[in-house]
Structure formats: structure tokens, C-alpha cells
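The values are calculated or read from the model by the stated rules, or taken from the named source; none is laboratory data. The structure presented is a predicted model; accordingly, all values stated were derived computationally and were not measured. In this analysis, Cβ positions are derived from the backbone assuming ideal geometry, glycine residues included, and neighbour counts consider all displayed protein chains.
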Amino acid sequence: MPDVKTDILVIGSGIAGLMYAIKMADIASVAMVTKKEAMDSSTNLAQGGIASVFAGTDSFDLHIDDTLASGDGLCNREVVERVIKDGPARITELMQMGVHFNLRRQVGAEPVDPAAFDLGREGGHCQNRIVHAHDMTGQEVERVLVAHARNHPKITLYENHMAIDLITQSTRMKRGLVTTTHEDFCCGAYVLERSTNKVKTFAAKITLLATGGAGKVYLYTSNPDIATGDGIAMAYRAGATVANLEFVQFHPTCLYHPAAKNFLISEAVRGEGGVLLDEAGRPFMGDYDPQKDLACRDVVARAIDTELKKSGADSVFLDITHKKAEFVKERFPNIYAKCLSLGIDITRQPIPVVPAAHYMCGGVVTDIQGRSDVHHLYAVGETACTGLHGANRLASNSLLEALVYADAAAKQSLEDLRAGAFPPPLAPPAWDDVGATDSDEIIMVTHNWDEIRRMMWNYVGIVRSDKRLERARRRIEAVQNEIRDYYWNFKVEPDLIELRNLAVVAELIIKCAQHRKESRGLHYTLEYPRRDDQRWLKDTILRRPFLG
Ligand SMILES: Cc1cc2nc3c(=O)[nH]c(=O)nc-3n(C[C@H](O)[C@H](O)[C@H](O)COP(=O)(O)OP(=O)(O)OC[C@H]3O[C@@H](n4cnc5c(N)ncnc54)[C@H](O)[C@@H]3O)c2cc1C
């Protein structure tokens, strides 16, 4: 007997998982597992906002063009059109749920006049179209959605519950060893309850992966600690197709300060006129792109990387001191307060910044309804690869994508449930850890965790080469072997689960990067510095071989 039986299992409590859960809960029972507290998510850290067409001067076509240009030839046009055209409805829905966005002027009764939004501008956008809640947009969205989920009688929220592996029809009794045919279907997940160290079996008709990104695979990242690529690794092990993992977006401007962990300086600072300076105080972006400081993220990140390599400096600087202090404090209260707490008054001093891994454009391949190619397994949000971002995500398109796909996946799931097209209920095999003992060598976990992140930063970072990638491939193979030995002998615990997933995601990123013999979007490699549409105008697809 499973420990928990539910219609819908949602893994992850960021914007994607929450929105889907809330929509499904009106007609189905929903169990939502999340590996830490509900608010621990990238969503909660999102500063800039959500891109959508509201301004009178803007149009869907302009937003579509900006998205396609950023995606560098690899976006799926049908997906782009669908996401962008659905944006205003999804944002209005958030407001109706209680999310407060900044408005240019106060408005009276509902419905809110969309023309009243205070719309920000970010790199790669030709119009002001970023709907935001000061510089804490994600926190505002997460606050409202978590409250809705907590209060919904049909949603049971399991905090501090970490999914280990998906259960598929052909899951073998051996711990974590999952084999599938590609006609396989998903029927839940094994989940570790952190407080008791017990592995529970969750049986579900439909499972949604909404586990976010994988920034922690790199040494420097803007992502929170939860971003270890668990969903991508679990889906890959379960036989789902993954794609485009070479396209890792590095945010150009993370605060460089020994006491600041992963603090992002939003792109909106450049959108509001912030200028990047080198150590000598010289603006340098004009040397790299006609759009200067408003160039796309990859261009800016590479420019900073080049400047740092040239000068040997620890950081470059982002200067917004030419703007009125009141404006800066009002527009960026969070960034202002954080920097001030570290002794940097951004109204008077430039901010030291470095690039850091920020967003994973690739992930679990889904169709336009958010379905993966393992039956009854959906993926939404940063975990998914829908075709929207192509080779490079346009700023603030990711929260939008999560909203649109959570809605689409919910509609499709409701249809699935109504049609009742599910195989006979299956008793998932209980977790089997007979013979496993408590770990006696935590050093293996910490050492390999550190090695993977450093190696990925040095060899599979902003600028890649054949030699570095091959070195990385050899290293990750050795680390994988070590982890595998360890994993089968000891009882699972959270750090080990995350390490195993990080190693899988690192391997997949390296494989994708080695495969693509050109430079496009976020993938830049020294041997093939140009885009090659004749050979590489296609996604990089990976699927685990069938293990029999
Ligand atoms: C600092 C920062 C700023 C950003 N700013 C913007 C912005 O302005 N605009 C924009 O569009 N995008 C922005 N992004 C990107 C955007 O925030 C994310 O892409 C988006 O929030 C992802 O939402 P999600 O629901 O897919 O995942 P998340 O919000 O990351 O949620 C993932 C959830 O899954 C849970 N989870 C993970 N693994 C497991 C497991 N094994 N078992 C159980 N639970 C698990 C996590 O605990 C978490 O609850 C930003 C990202 C960062 C890091």
C-alpha cells in the first residue's frame, strides 16, 4: 500500500507547482511535496518581474520578435506566440488572486486598468513591458500563491519532503533503479521525509515536476540552494526526453562581496540607466554591442568575463549613481537595503558585480500542454524545455512561461481525469533499502559536490572549448562512478540525493555542449565561434538508453 494516494502529485512549490496545484484542486485531490519550506524557491527571489504586453506602444508581435531574437533561431514559434498572447490573461489572474504589482497611478475599483501598470524595461526588450512589484516581484507572487495553497482544503502540502525518484510502471524493486520502455507511465514518486528519514511512497494518477532550475551545478550562481536540477535528473532516469541543456544563462550581475551569498543585482538596474564600468571607471559595453548596457544577457556576461580575464580584476562595477537617490531607493528598495547592509550605498557608489549561473533554458521536453513523453508525467516551469526560450531566454519571460504552462497543464490534466484514461491502479513497490547502512563518509559527498561545481565553472562555463569539455566529461565520469558505489551502499539522505542529481545534470550539460559544434545563444565555444544554421538549427535531444 502506498503511504499517500492522491489524484495529483505536484513536486515543487514555486510559481509553476503552486499555480498548477491551485487550479487542479478545484476538482481533484492534490498532494504537493517540497523539499524545504514552501517559500524556498527561485520564484521567491525573482526581482525584475514578468514580461507581458500592456503598453499602448507595445504589441504581441514586438514581444514575439524580441523573444525570437533572443532565442537565436531555436525558439518554437508556435510556443512563443501562445505564451506571449496568453500573458495578459495570466497576469490579470494573478492580480485577481491578490498579487499587487506597481502601478503608475492609483486606480479605483476592479478591474484594474492595465494601462496603469508601471512597466519596467530589461535587456533584449524593445519596449517597457515588465510588470513588477518593486524589486521583489517573485516574493509577492509566492506569498499570495502559498497562502492560496495552504488554505485550499483539497491541497495537502508536505514541506521538508524531498522527491528521490519517480515511480514508473516498470520501476524495479531495487532502490532508485528505474527502467522504462518509452511507452512507460508514471504513477507517483518516492519521497524522503526529512524529519524522520523515512522514504514514503506517493501514488498518483498524474505527477507534475515543478522542481525549478539547476544553478547549483555551478560554483557561482544566483539560484537558491534548492536549485539542484532534481526534476531534470529524475525525469531523465525515468526515461523522459531532455533537451538543450548546453544553454545555461549566466546572469551578468551578481553582487560580488564575501558576505553576500547569491545576491542578484537585477537587470532592471541597467534598464533604468545603470552603466557597467571597469576597474578604472571606464564604461566598456560600447566595445561589445551597439545596445551597450542593454544588450542581451549572454553578450553582457561574456563581455564581463572577457574584461575580468583581461584585467585580472575580481569584479566589474555597475553604476546607477547618476540617478536621483530617491528614485533609486524607491525603485530598488531591496537591492538598496541589501547593499547598504554590506556597506555599499548604491546611490553614491558603483556596485561590484560578477556573472553567475542563473537560468537553465533546457530541461524536460514537453508538448504544448506541458506533457513529457512519459505518460502521466508533466513538467512545468524552469524544469521544462517547452521551446519558448530556444538558445537564450529573454529576461522576465520565465515567470510568464511558468504561469502559461501551469494553466495549460491544468486544463489538459482536467481533461485526462475526466476521460479517466488511466491504467488500473498500481501498487507501487515499497522503497527497498535492505542492506543499506548509515553513511560513514560524508566527506565523499562534500568533496564531490565541491568538485562538480568548480569543474563546471572552470570547464563548462561562459566560454567553452573542446579540450575543457573533454576534461569535464572525464572528470564527471569518475565522480559518477564514485557516487554510484556510495549510493547503493548507504541510506539516502538529502545531500546525497542532491549530489546524485547534480552529477546527472552536469553530465547532461557536458554531453549537450560537446554535441553542439557551433556557437549560438548561450553556448559559446572557442573552436566554433560562429552560428551554423546549416548543421545546427535544431535542439540537442538526449534520452537515456532503454536498460531492459
Ligand atoms: C535571483 C533570481 C532572480 C530572478 N528574476 C526573475 C525575474 O525577474 N523574472 C523572471 O521571469 N524570472 C526570474 N528568475 C527566474 C525565475 O524566478 C524562475 O525561473 C522561476 O521562478 C522558476 O519557477 P519554478 O516554479 O519552475 O521553480 P522554483 O520557483 O525554483 O521552485 C522549485 C520548487 O521545487 C522544489 N524542489 C526542488 N527539488 C525538489 C525535490 N527533489 N523534491 C521536492 N521539492 C523539490 C523547491 O524546493 C521549490 O519549492 C529569477 C531567478 C533567480 C534565481
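Points worth noting:
- Verdict on residue 110 being at pLDDT below 95 and within 10 Å of the ligand (Cβ to nearest atom): no
- Test: residue in segment 481-497 that is in contact with a Lys or Arg (Cβ under 7 Å, 6 or more places away or on another chain) and in a loop (DSSP other than H, G, I, E, B): no
- Just one of the listed residues (374, 365, 404, 353) is more than 9 Å from the ligand (Cβ to nearest atom) and in contact with a Pro (Cβ under 8 Å, 6 or more places away or on another chain), namely 353.
- Number of the exception - residue 27 against (1) over 25 Å from residue 254 (Cβ atoms); (2) in contact with a Cys (Cβ under 9 Å, 6 or more places away or on another chain): (2)
Every residue, every condition in (1) more than 23 Å from residue 362 (Cα to Cα); (2) over 17 Å from the mean Cα position of the chain (by Cα); (3) away from the ligand (no atom under 15 Å from the Cβ), yes or no:
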| position | (1), (2), (3) |
| --- | --- |
| 17 | no, no, no |
| 25 | yes, yes, yes |
| 29 | yes, yes, yes |
| 49 | no, no, no |
| 64 | no, yes, yes |
| 68 | no, yes, yes |
| 78 | no, yes, yes |
| 89 | yes, yes, yes |
| 93 | yes, yes, yes |
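- Of all residue pairs spaced 6 or more apart or on separate chains, none has beta-carbon atoms under 7 Å together with a first member in segment 2-30 that is without any contact (Cβ under 8 Å) to a residue 24 or more places away in the chain and a second member that is near the ligand (Cβ under 9 Å from one of its atoms) and among the small types (Gly, Ala, Ser).
- Condition check for residue 328: under 30 Å from residue 461 (Cβ atoms), buried (at least 19 other Cβ atoms within 10 Å of the Cβ) and in contact with a helix residue (DSSP H, G or I) (Cβ under 8 Å, 6 or more places away or on another chain): no
- If you go through segment 384-401 and pick out every residue that is of a type in the set (Gly, Ala, Ser) and near the ligand (Cβ under 9 Å from one of its atoms), you end up with 4.
- As a summary of the residue check, residue 252 satisfies the conditions (1) modelled with pLDDT under 95; (2) more than 13 Å from the ligand (Cβ to nearest atom); (3) in a strand (DSSP E or B) except for the one numbered (2).
- In segment 446-463 there is no residue matching the filter, namely being part of a strand (DSSP E or B), within 16 Å of the ligand (Cβ to nearest atom), out of contact with any Pro (no Cβ under 8 Å at 6 or more places or on another chain) and not aliphatic (A, V, I, L, M).
- Reported count of residues in segment 41-65, each being surrounded by fewer than 24 Cβ atoms within 10 Å (Cβ to Cβ) and assigned to a helix (DSSP H, G or I), is 7.
- The residue list 335, 346 contains one member that is part of a helix (DSSP H, G or I) and surrounded by 23 or more Cβ atoms within 10 Å (Cβ to Cβ), which is 335.
- Only one of the listed residues (298, 305, 367) is at pLDDT 95 or above, of a type in the set (D, E, K, R) and either buried (at least 24 other Cβ atoms within 10 Å of the Cβ) or within 26 Å of the chain's Cα centre (by Cα) (or both). That residue is 367.
- Selection count, segment 122-141, where residues are farther than 13 Å from residue 52 by Cβ, at pLDDT below 95, more than 9 Å from the ligand (Cβ to nearest atom) and of a type outside the set (A, V, I, L, M): 4
- Among the residues here, residue 157 does not qualify as touching a Leu at 6+ places or on another chain (Cβ under 8 Å), in a strand (DSSP E or B), at pLDDT 95 or above and of a type in the set (A, V, I, L, M).
- Top-ranked residue in segment 197-248 [being of a type in the set (D, E, K, R) and either under 18 Å from residue 14 (Cα atoms) or within 9 Å of the ligand (Cβ to nearest atom) (or both); ranked as surrounded by the fewest Cβ atoms within 10 Å (Cβ to Cβ)]: 225
- The residues listed here are 510, 462; of these, the one that is buried (at least 17 other Cβ atoms within 10 Å of the Cβ) and modelled with pLDDT of 95 or more is 510.
- Residue list for segment 283-328, restricted to those being in a loop (DSSP other than H, G, I, E, B) and more than 24 Å from residue 220 (Cβ to Cβ): 290, 291, 321, 322, 323, 324
- Complete set of residues in segment 354-364 that are crowded, with 24+ Cβ neighbours inside 10 Å and not small (Gly, Ala, Ser): 355, 358, 359, 360, 361, 364
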